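To start, the structure under review is shown below, and the notes come after it.
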Amino acid sequence: MSPLRWRPPVRFRCAGDVGIRGECSDSPSDKLGPGLLAYIVTSKFSDDLPLYRLEDIFARQGFEISRATQSVWCGDVADLVEPLYESMAERVRASHVVATDDTIMPMLNTGKTSNARMWVYVGDDAHPYNVFDFTLNRGRDGPKYFLRENNQVLLAEAYGGYNGVVAGNQITRAGCWAHWRRKVIDAEKAAPEIAREGIEMVRALYAVEKQAADLSAEKRLEVRQKQSAPVLAQLREKLLIWKEQLLPKHPMAEAINYALSQWQELTAFCVDGAVPVDNNVSEREMKRVVLNRKNSLFVGNARGGRTAAILASLTSTCHRHDVDPQLYITQLLVNLPSMPISHFATWLPDLWKKHQAPTLSAQ
């Protein structure tokens, strides 16, 4: 009996009539191949080229591939690879520490754009995947649903919606010292001496992190409790003093109140050696979305947002593992339609890299 196989839910088509193997009705002799699809996806979601620019690039080479057709093809690729996306999401939810961030993703609406959201969830080293999720708003339902099976540590900014995500379960909130440092720098001109002392203490925390970077989580925690904990105690005393010295509406008061209100979250890294001192890892990934948004302006609808989330997850995870996303996606599209379901896991970017390493090194 033949093994159960994954069947792609779509066949590639143009913006108009459906064509066999991606043939466009106006160009019946041109056939769509996995290399072209991989090039479009990589250009859009890894190199941040909007589809209208790709349309111009193709035109200079003598090919007429409209942005609408490219958009449809990207959606079809997303449908095809969605099981891999779901597999990555499942693995991220199994992480001990999940780092998250979000940003506005404008979406076309009737006569205007609405502020949808794009979220990123970064798995830990044991679950090394970066997964994006598109929602229609910034409500807590989005992260609450995505993190539904996780009850460990959520590393995030101070957005109040996360309180609803962690309420009633065992999830621990962890905060970001880089976020607080930026707030202090923003208010530096209004209180330079306070800013100098505060930044020096944060610098001391990062010096400890540099020293303990290659240690195990257990050893790192020992170093933090010995060296970072006294710095935190001194900083808290300073914060309370500074709060009494400043008027409530003073620019530096906002940074001070932020630290005091988030103190448990900001000191979580001194309770768990696996928790990073900041959330820079997810903020770096979110910059990719911001750059893509700047170039492309908006997504057309909820399906477009979902397509962006799936394909950005693949390309971002490829970057995380130093995998060429165009090569990976090309090979994925060649093999996925006829692949047994039992082989799916071997096509996660990190595992694919391990399997391909001997082949690539021999070339």
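The values are calculated or read from the model by the stated rules, or taken from the named source; none is laboratory data. Everything quoted here is computed from the prediction, not taken from an experiment. Ideal geometry is used to build each Cβ from the backbone, glycine not excepted, and the neighbour counts take in all protein chains shown. We work out accessible area using only protein heavy atoms, side chains counted, and drop any ligands, DNA or RNA first. Shrake-Rupley method; radii C 1.70, N 1.55, O 1.52, S 1.80 Å.
Mind checking the dipole of the stretch 32-95: about its Cα centre, +1 per Lys or Arg Cβ, -1 per Asp or Glu Cβ, Debye to the nearest 20?
Approximately 140 debye in magnitude.
Given (1) -0.66, -0.78; (2) -0.42, -0.52; (3) -0.49, -0.60 as candidate values of log10 I(q)/I(0) by the Debye sum over Cα atoms at q = 0.08, 0.09 Å⁻¹, which corresponds to the one derived from the coordinates?
Read-out taken from this structure: (3).
Hey, can you find the accessible area per residue of the chain for me, probe 1.4 Å, expressed in square angstrom? Could the numbers behind the result be given before it?
Details: 18260 Å² over 363 residues.
Roughly 50 Å² per residue, with all protein chains present.
How much net charge surrounds Val271 when only the other residues with a Cβ under 13 Å from the Cβ of Val271 are counted, with Lys and Arg +1 and Asp and Glu -1?
Numbers: positive: Arg173, Arg220, Arg224; negative: Glu218, Glu222, Glu265, Asp272.
Spelling it out: positives minus negatives among the neighbours equals -1.
For the chain, what relative contact order do you get, as a whole percent, if you take Cα pairs closer than 8 Å and at least 6 residues apart? All intermediate terms of the calculation are to be shown ahead of the outcome.
Values: 531 pairs, mean separation 87.9, N = 363.
Relative contact order, the chain: 24 percent.
Hey, any idea what % of the stretch 41-170's accessible area is carbon plus sulfur with a 1.4 Å probe?
On the way: 2540 of 5490 Å².
It is 46 percent, rounded to a whole number.
For the chain, what is the calculated [θ] at 222 nm in deg cm²/dmol (nearest 500), taking -39500 (n - 2.57) for each run of four or more DSSP H residues and dividing by its residue count?
Working: 15 runs with 191 residues, N = 363.
For the chain, the value works out to -16500 deg cm²/dmol.
In the Gaussian network model of the chain, springs joining C-alpha atoms below 10 Å, which of Gln331, Gln70, Gln170 carries the largest mean-square fluctuation?
Among Gln331, Gln70, Gln170, the largest mean-square fluctuation in the Gaussian network model of the chain belongs to Gln170.
So for each of 110-119, 181-190 I average, over its residues, the number of other beta carbons within 10 Å; can you give me the resulting order with the highest mean first? Could the numbers behind the result be given before it?
On the way: 110-119: 14.4, 181-190: 15.9.
Going from most to least packed, we get 181-190, 110-119.
Using each residue's phi in the stretch 258-265, evaluate 6.51 cos²θ - 1.76 cosθ + 1.60 at θ = phi - 60° and report the 3J(HN,Hα) Karplus result to the nearest Hz, with x for Gly and Pro.
Those phi angles translate into 4, 5, 5, 6, 10, 4, 4, 5 Hz.
Could you identify which residue out of Leu235, Leu311, Leu37 has the top mean-square fluctuation in a GNM of the chain using Cα springs shorter than 10 Å?
The residue that fluctuates most here is Leu235.
Using per-residue counts of other Cβ atoms within 10 Å, averaged over each peptide, order 270-278, 283-291 from highest down.
Numbers: 270-278: 19.9, 283-291: 17.7.
By packing density, highest mean first, the sequence is 270-278, 283-291.
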